Amino acid sequence: MFNKAAGITEDTADKTYEHHISYLIGERNNMKNFRMLVNADDKTGHINREIYGHFSEHLGRCIYNGIFVGEDSPIPNIHGIRKDIVEAFKNIKLPVLRWPGGCFSDEYHWKDGIGDKSKRKKMINTNWGGVVEDNSFGTHEFMELCELVGCEPYIAGNVGSGTVQELAEWVEYMTFDGVSPMAQLRSENGREKPWKLKYLGIGNENWGCGGNMKPDFYAGMYKRFASFCKNYSGNQLYRIACGPSGSDYEWTEVMMKNLFHNNQWMAEGLALHFYSIPDWNNKGFALEFDDDGYYELLNTVNFTEPLLDNHIRIMDRYDPEGKVDLILDEWGTWFDVEKGTNPGFLYQQNSMRDAMVAAVSLNIFNRHAKRLKMANIAQVVNVLQAIILTEGEKMIKTPTYHVFDLFKEHQDGEAVYCWSQNENIRDGKSTPMLSSSASVKDGTMTITLANCSLSDDAEISCDICNFAANTVSARILTNEVHAHNDFDTPDTVKIEPHTAALENGTVKVKLPACSIVEVTLK
Ligand code: AHR
């Protein structure tokens with residue numbers, strides 16, 4: 001029933017059961033009432049579907065023994081890519097996938113990952129456990145994965161240890177439709193037609209693992225690399241410059257000052273990285289925390305809001321027309337690795353706590369949709385705040401996966417004004433009890449709500465303005481905050497139908513403690 005190895009004790013298993021029973025019989029905590037208002041006429045930004053993006057790195061079991069099992073595997077696959085993972089990605093309409101890193105990208109040489117697999121060079125993955133990288137998953141395999149999923153590929157190019165020529169040739173290899181050395185090489189490797197490539201990252205964390213550069217130095221490097229990444233054969237690149245780490249506002253300032261050159265912006269996006277880690281020296285385990293640990297983490301997650309505002313304010317000063325988008329290239333939780341696993345593989349379990357982090361974050365992203373045009377959670381399979389975990393042929397969807405499912409209808413919608421009464425759970429900390437956002441698309445309004453309290457239920461009365469709704473439906477994800485899915489009990493945390501009522505333009509819905517709800521109005 002419970003898994004001691006994964007840190008689950010009889011006590012936490014009992015709590016999960018109690019939460020579920022009390023939720024089903026509808027009898028538990030204090031009930032608090034909150035008014036809300038959503039105004040469909042007050043549009044606050046287009047929600048690019050890429051805000052629901054993902055990140056896959058050659059790290060631990062994300063690619064190998066995760067997404068990619070090889071053609072000879074007994075696990076059902078298409079050219080080595082797991083079919084069940086492709087289906088799971090499609091179900092949440094996964095819009096964009098970043099690859100091959102992370103830190104790995106600044107030591108990756110793409111030519112080692114093409115052509116006859118038996119002849120591909122082996123290398124050391126120095127960032128992630130020093131393991132051997134056999135390059136059996138390379139450009140063709142990644143592009144095929146994206147085609148199967150139906151998502152945009154996002155290539156992170158090597159600036160730290162690569163050359164301008166190498167990156168320029170990679171772009172030519174992927175996108176040029178004509179006679180050229182790289183187009184010829186691509187065709188010899190079995191792909192006649194070029195791929196479409198929109199998103200191109202020029203370096204990763206170049207203030208750290210990507211070369212330990214100062215912003216001025218990187219800005220110069222960036223422009224040099226970007227100048228030679230061309231738009232071939234009708235392909236239009238969207239160039240993403242390495243942005244700041246967390247609240248390094250100076251980095252944003254220097255980049256924005258430099259990116260406008262010769263009367264043009266030389267980047268379309270600037271990529272911020274921000275992980276929710278209250279204490280880098282004491283991260284703790286994914287399933288071992290108390291209420292304080294949970295609220296402390298939420299406090300850090302809520303910092304995303306002022307963090308985005310502050311970076312956007314700097315960008316606005318240099319670029320009031322909003323030509324350069326803010327990208328949140330890497331975000332999510334980062335805990336100590338599960339006991340007994342390789343410290344370099346960053347494998348962690350994923351509980352309702354992670355689901356709450358995801359819901360609060362995605363609501364913040366929707367509210368910043370005007371300038372924030374992409375966000376990629378780290379990482380998609382078996383690494384950090386993963387949406388999918390695998391063990392041999394088994395595959396489970398984590399609570400975080402279900403949040404992406406609950407929020408998927410926001411993709412490509414128009415964010416609209418959404419206000420709620422609220423209260424702060426912990427004095428002196430930023431821990432609002434409620435989190436919310438709303439959008440409208442094709443005659444449907446989607447409202448996503450989270451009740452972050454572990455002790456109080458909430459009853460919401462939400463007035464809907466300027467939207468004629470005839471029907472309402474809802475789905476919920478709720479459980480005890482430690483609850484999670486494992487390979488023996490894959491459905492402990494899952495989405496269930498929920499009740500919501502619509503009376504005279506007001507939606508009434510209950511949010512149990514520690515829950516996330518999607519309300520749909522048509
Ligand atoms: O996601 C893990 C690592 O975190 C990435 O490789 C790097 O970009 C960041 O520091």
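The values are calculated or read from the model by the stated rules, or taken from the named source; none is laboratory data. The model shown is predicted, which means the values in this text are computed figures rather than measured ones. Cβ atoms come from the backbone with ideal geometry, glycine included; neighbour counts cover every protein chain shown. Heads up: the accessible areas ignore ligands, DNA and RNA and are worked out on the full protein's heavy atoms, side chains in. Shrake-Rupley method; radii C 1.70, N 1.55, O 1.52, S 1.80 Å.
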Point to revise | Condition check for Tyr275: open to solvent by 10 Å² or more (accessible area, probe 1.4 Å), in contact with a Leu (Cβ under 9 Å, 6 or more places away or on another chain) and within 16 Å of the ligand (Cβ to nearest atom) | key: yes
Revision key, fill the gap. Scanning region 102-128 for residues that are in a loop (DSSP other than H, G, I, E, B) and under 22 Å from Asn189 (Cβ atoms) gives Tyr108, His109, Ile114, Gly115, Asp116, Arg120, Lys121, Lys122
Practice item. Please tell me if Glu107 is farther than 23 Å from Ile388 by Cα and either within 16 Å of the ligand (Cβ to nearest atom) or of a type outside the set (Gly, Ala, Ser) (or both). Key: yes
Exercise for review: Residues being touching a helix residue (DSSP H, G or I) at 6+ places or on another chain (Cβ under 6 Å) and either over 20 Å from Pro306 (Cα atoms) or not β-branched (Val, Ile, Thr) (or both): count how many of those fall in region 327-346.
Suggested key: 1
Review point. Phe68 passes all but one of (1) open to solvent by less than 10 Å² (accessible area, probe 1.4 Å); (2) within 25 Å of the chain's Cα centre (by Cα); (3) away from the ligand (no atom under 16 Å from the Cβ); which number fails?
Key: (1)
Exercise for review: Counting only residues that are in contact (Cβ under 8 Å) with a residue 60 or more places away in the chain, within 30 Å of Cys462 (Cβ to Cβ) and open to solvent by less than 10 Å² (accessible area, probe 1.4 Å), give me the strands (runs of 3 or more DSSP E) lying completely in region 332-444 with at least 3 of them.
Suggested key: 372-378, 434-441
Exercise for review: Please work out if Tyr232 is open to solvent by less than 10 Å² (accessible area, probe 1.4 Å), hydroxyl-bearing (Ser, Thr, Tyr) and touching a helix residue (DSSP H, G or I) at 6+ places or on another chain (Cβ under 9 Å).
Suggested key: no
Study note, to complete from the structure: So the strands (runs of 3 or more DSSP E) completely within region 456-500 holding 3 or more residues that are open to solvent by 10 Å² or more (accessible area, probe 1.4 Å) and of a type in the set (Asp, Glu) are 456-465
Review point. What residue, of Ser233, Ser247, Ser227, is within 16 Å of the ligand (Cβ to nearest atom) and of a type in the set (S, T, N, Q)?
Key: Ser247
